[in-house]
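**Q** Take a look at the following structure, please.
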């Protein structure tokens, strides 16, 4: 037996594989050459990439969803933080605006006080309100000004509207003001329209004054303005006290009782004016006008007396006039001695 074995014969499967490989190589070369010449393979790739776009979009969807959720969470957190910050800033701005409104109102009130002082040529002292009496039956203020500041008992207290009250107690650092609405307070007043004398009493309420024992024949009407008369020497004349808002007969039907709306703002403001003195400038024109009025009044009185003397004599000589008063009887229009006496 020979030592050299003969080579095995090729199998049909190997030949078929070799043939397929050669065919693939030939096809590849043909495709490369045709693509190089016509470029159709690049067009096929483009169309295939367009067809694969939905698959790529689906493949990247989970990643995009996760990123969107992370962005939404960060945006929500940022918006919540911005909302808290803006809310706090809004509260601070509202508080500052409210304070500015209060300061504007107080500034307007102080301007009104200054205007009242300048218009009336008043010698006044500005005093801040330190406290308000909480007793509902007492209408009093505590001022941050005392005897060291020149405050004295009996000093009148006003604001831009009119009379507030008077000082009833003084310490070195503070003073107590009795308001015109206190039950223990009364103010001699006159009606600015006709000069009828009345008395305004406190009612215990901050928005109400009272009139009592007003004669039925008195010329008093709703809407009349009452000012201080100056009688008694406690309050200077001419300061507004209130306006009549109601008039009606009392229980006895012999007198009228009325309600007044105070002219001053008793429940507002943080400052008041302590009245020291009223400076009324008098000019030469004022003196001449007063003298002319006195002369005109004297002439009118003389003419009235001259006209009344013949009439009284004729009435006395005419029979049937027994009800007429005698010629020497005092006239009802003539001022009585009590009216002619100076009022204090």
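**Q** If I ask for residues that are in a loop (DSSP other than H, G, I, E, B) and free of Cβ contacts under 8 Å to residues at least 60 places away in the same chain, which ones from the range 238-253 would you list? Steps first, please.
**A** Residues of the range 238-253 that are in a loop (DSSP other than H, G, I, E, B), as a first pass: 238-239, 250-253.
Passing the criteria: 238, 250, 251, 252, 253.
**Q** A follow-up question, please. When you scan the range 209-237, how many residues do you find that are crowded, with 16+ Cβ neighbours inside 10 Å, touching a strand residue (DSSP E or B) at 6+ places or on another chain (Cβ under 7 Å) and part of a loop (DSSP other than H, G, I, E, B)?
**A** So the answer is 5.
**Q** In the list 273, 260, which residue meets the criterion of being buried (at least 20 other Cβ atoms within 10 Å of the Cβ), in contact with a helix residue (DSSP H, G or I) (Cβ under 7 Å, 6 or more places away or on another chain) and under 30 Å from residue 125 (Cα atoms)? Break it down into steps so the answer makes sense when it comes.
**A** Values: 260 fails: in contact with a helix residue (DSSP H, G or I) (Cβ under 7 Å, 6 or more places away or on another chain).
Sole residue among the options that is buried (at least 20 other Cβ atoms within 10 Å of the Cβ), in contact with a helix residue (DSSP H, G or I) (Cβ under 7 Å, 6 or more places away or on another chain) and under 30 Å from residue 125 (Cα atoms): 273.
**Q** Within the range 156-201, restricting attention to residues that are under 12 Å from residue 272 (Cα atoms) and in a loop (DSSP other than H, G, I, E, B), which residue is modelled with the lowest pLDDT?
**A** Applying the filter and picking the extreme gives 160.
**Q** Out of everything in the range 169-185 that is under 24 Å from residue 212 (Cα atoms) and free of Cβ contacts under 8 Å to residues at least 40 places away in the same chain, what residue ends up being surrounded by the most Cβ atoms within 10 Å (Cβ to Cβ)? It would help to see each step written out before you state the result.
**A** We begin by selecting, within the range 169-185, every residue under 24 Å from residue 212 (Cα atoms); these are 177-185.
Right, trim to free of Cβ contacts under 8 Å to residues at least 40 places away in the same chain and you get 178, 184.
Details: 178: 21, 184: 13.
Only one residue fits best here, namely 178.
**Q** In the set 136, 128, which member is within 30 Å of residue 275 (Cβ to Cβ), at pLDDT 85 or above and either assigned by TED's automatic domain parsing to the domain that holds residue 208 or within 29 Å of the chain's Cα centre (by Cα) (or both)? Walk me through it before giving the result.
**A** On the way: 136 fails: at pLDDT 85 or above.
One residue alone meets the criteria, 128.
**Q** Let me confirm something: among 61, 91, 79, 100, which residue is surrounded by 10 or more Cβ atoms within 10 Å (Cβ to Cβ), at pLDDT 85 or above and outside the structural domain of residue 271 (by TED's automatic domain parsing)? I'd like the intermediate steps shown before the answer.
**A** Numbers: 61 fails: at pLDDT 85 or above; 91 fails: at pLDDT 85 or above; 100 fails: at pLDDT 85 or above.
One residue alone meets the criteria, 79.
The values are calculated or read from the model by the stated rules, or taken from the named source; none is laboratory data. Since the structure is predicted, the reported quantities are computational estimates derived from the model, not experimental observations. No Cβ is skipped: glycine too gets one built from the backbone with ideal geometry, and neighbour counts run over all protein chains shown.
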